[in-house]
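Following: one structure in structure tokens, then a few remarks.
The values are calculated or read from the model by the stated rules, or taken from the named source; none is laboratory data. Predicted model only: the values in this text are computed from it and were never measured. Positions of Cβ are generated from backbone atoms using ideal geometry, with glycine treated the same way; all protein chains shown enter the neighbour counts.
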Amino acid sequence: MTDYLDGFQYVNHRLNFFPHGEGFVDVKGTNAEGYNYFYVYNYTDHLGNTRATYGFDPDTRTVKTLEENQNKCCPFQNILMKYDLKG
């Protein structure tokens, strides 16, 4: 069962994630002290489209790219490249 409350998402009555200004916080299970929080950031273009999502990997202690949008120009780039637009 999934519940939503002011941007916070709960799955089976446990906090799953919540948003922050530059992305969201992924909540992984609980340990003896409580929740483990992993901050995930979105890299956006000038139109607000998310181009990459990255966060800190606690295992390797490095920044890791979680997802990357391969469309460099626009959503229709692959379609436009098929046509000769020079006239």
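Would you check which residues across region 1-37 are touching a Gly at 6+ places or on another chain (Cβ under 6 Å) and at pLDDT below 90 and list them? Selection gives nothing. Considering (1) more than 17 Å from Asp26 (Cα to Cα); (2) of a type outside the set (D, E, K, R); (3) at pLDDT below 75, the lone condition that Pro58 does not fulfil carries the number (1). Close contacts from region 37-52, counting a first residue that is over 16 Å from Pro19 (Cβ atoms) and a second that is at pLDDT below 85 and of a type in the set (Val, Ile, Thr), with Cβ to Cβ under 7 Å and a gap of 6+ residues or different chains, come to Ala52/Thr65.
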